[in-house]
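The values are calculated or read from the model by the stated rules, or taken from the named source; none is laboratory data. For clarity, every value in this text was computed on a predicted model and none was experimentally measured. When we count neighbours, we look across all protein chains shown, and the Cβ atoms used for this are built from the backbone with ideal geometry, even at glycine. These accessible areas exclude ligands, DNA and RNA; they are computed on the full protein's heavy atoms, side chains included. Shrake-Rupley method; radii C 1.70, N 1.55, O 1.52, S 1.80 Å.
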Amino acid sequence: YISYLFLFEFGRRLLNLTHVNLPWWSIAIPLFIVLAISWFPTDSWTVLDILIGYFIRFPAGLMAGIGFVLYYRYNYDALKEYHVKSYFNITGYALILWAVFCGLVRSKGEFFPANILNIESFFMSLSVPVYVFRSICAILVAIGVTGILTIFSSEGRRQIAESLRREREAITRHEKDIAR
């Protein structure tokens, strides 16, 4: 469950980079709701799992996904030369879908919406486990993030080429000075 708190914080910070400012304490509200509600029922672990899906996983995936899409749009001028728009979109939309499949489609519970939309009803409706869709989303996120990381590779090559160019110019100036 702690990893979803990190995803929540990642999504919050990514959105903040696009000037959609969410305060640092925004995780406290859903976390308090989850812990408070799950404290009372007899099957508190199941309720905790369901509520973490609704209040932590779903908003975390949603914020991260929207954050990737908005980040590209906000930084379009700086990123267009790297041709990574499709990677940002793949990552963003796959995270949004993951938020739905992993955040909203939870174990069956005794309360709404877990009593209607759950892992069992999903399988009965589509005859495919929700885990297949979650896995596809995870693979798409991995592909998208890998593509986004090409920025670092391209930027590193550009910086090396620029350094080499400056070094050659310095050597040429030095050789001219020696010749004079």
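Residues that are open to solvent by 60 Å² or more (accessible area, probe 1.4 Å) and among the polar types (S, T, N, Q) within the range 136-171 comprise T146, Q159, listed in sequence order.
Scoring V128 on the criteria (1) loosely packed, with under 14 Cβ neighbours inside 10 Å; (2) modelled with pLDDT of 95 or more; (3) part of a helix (DSSP H, G or I); (4) out of contact with any Lys or Arg (no Cβ under 7 Å at 6 or more places or on another chain) leaves a single failure, condition (3). R158 meets the stated requirement of being closer than 26 Å to N89 by Cα, without any contact (Cβ under 8 Å) to a residue 40 or more places away in the chain, assigned to a helix (DSSP H, G or I) and charged (D, E, K, R). Considering only residues of the range 1-23 that are of a type in the set (A, V, I, L, M) and in contact (Cβ under 8 Å) with a residue 40 or more places away in the chain, which is farthest from F68 (Cα to Cα)? Looking at the filtered set, the residue picked out is L5.
One residue is enough: does the range 87-100 have a residue meeting the conditions open to solvent by 50 Å² or more (accessible area, probe 1.4 Å), part of a helix (DSSP H, G or I) and touching a Gly at 6+ places or on another chain (Cβ under 6 Å)? Give the steps one after another, and end with the answer.
Narrowing the range 87-100 to residues open to solvent by 50 Å² or more (accessible area, probe 1.4 Å): 87, 90, 93, 97, 100.
This time we only want the ones that are part of a helix (DSSP H, G or I), so: 87, 90, 93, 97, 100.
In the following step, the residues that additionally are touching a Gly at 6+ places or on another chain (Cβ under 6 Å) were identified as 87, 90.
Scanning the range 87-100, I find at least one residue that is open to solvent by 50 Å² or more (accessible area, probe 1.4 Å), part of a helix (DSSP H, G or I) and touching a Gly at 6+ places or on another chain (Cβ under 6 Å), so the answer is yes.
Of the candidates A78, A64, the single residue that is farther than 24 Å from F112 by Cα, aliphatic (A, V, I, L, M) and modelled with pLDDT under 90 is A78. If I filter the range 143-150 for residues that are in a helix (DSSP H, G or I), free of Cβ contacts under 8 Å to residues at least 24 places away in the same chain and small (G, A, S), do I get at least one hit? Among the residues of the range 143-150, not one is in a helix (DSSP H, G or I), free of Cβ contacts under 8 Å to residues at least 24 places away in the same chain and small (G, A, S), which makes the answer no.
Assess whether A78 counts as being among the small types (G, A, S), open to solvent by 40 Å² or more (accessible area, probe 1.4 Å) and more than 15 Å from the chain's Cα centre (by Cα).
Numbers: among the small types (G, A, S): yes; open to solvent by 40 Å² or more (accessible area, probe 1.4 Å): yes; more than 15 Å from the chain's Cα centre (by Cα): yes.
Considered against the rule, which asks whether it is among the small types (G, A, S), open to solvent by 40 Å² or more (accessible area, probe 1.4 Å) and more than 15 Å from the chain's Cα centre (by Cα), A78 comes out as yes.
With the structure loaded, tell me whether E175 is part of a loop (DSSP other than H, G, I, E, B), open to solvent by 90 Å² or more (accessible area, probe 1.4 Å), over 27 Å from G92 (Cβ atoms) and not hydroxyl-bearing (S, T, Y) or whether it fails that test. Judged against the criteria, E175 is not a match.
For the range 24-51, enumerate the residues that are open to solvent by 50 Å² or more (accessible area, probe 1.4 Å) and within 21 Å of A64 (Cβ to Cβ). If you could, list the steps in order and put the result at the bottom.
Taking the range 24-51 as the starting set, the residues that turn out to be open to solvent by 50 Å² or more (accessible area, probe 1.4 Å) are 24-25, 28-29, 31-33, 35, 37, 39-40, 42-43, 45-46.
Across the range 24-51, the qualifying residues are W24, W25, A28, I29, L31, I33.
Looking only at residues in the range 13-66 that are in a loop (DSSP other than H, G, I, E, B) and more than 26 Å from C137 (Cα to Cα), which one is farthest from the chain's Cα centre (by Cα)? Even if it seems obvious, please write down each step before you answer.
Residues of the range 13-66 in a loop (DSSP other than H, G, I, E, B): 18-23, 39-43.
Narrowing the set further to residues that are more than 26 Å from C137 (Cα to Cα) leaves 19, 21, 23, 39-43.
Values: H19: 17, N21: 17, P23: 18, W39: 29, F40: 32, P41: 32, T42: 34, D43: 31 Å.
The residue in question is T42.
Surrounded by 15 or more Cβ atoms within 10 Å (Cβ to Cβ), touching a helix residue (DSSP H, G or I) at 6+ places or on another chain (Cβ under 9 Å) and assigned to a loop (DSSP other than H, G, I, E, B): is that true of A114 in this structure? Yes; evaluated as a whole, the condition is true for this residue.
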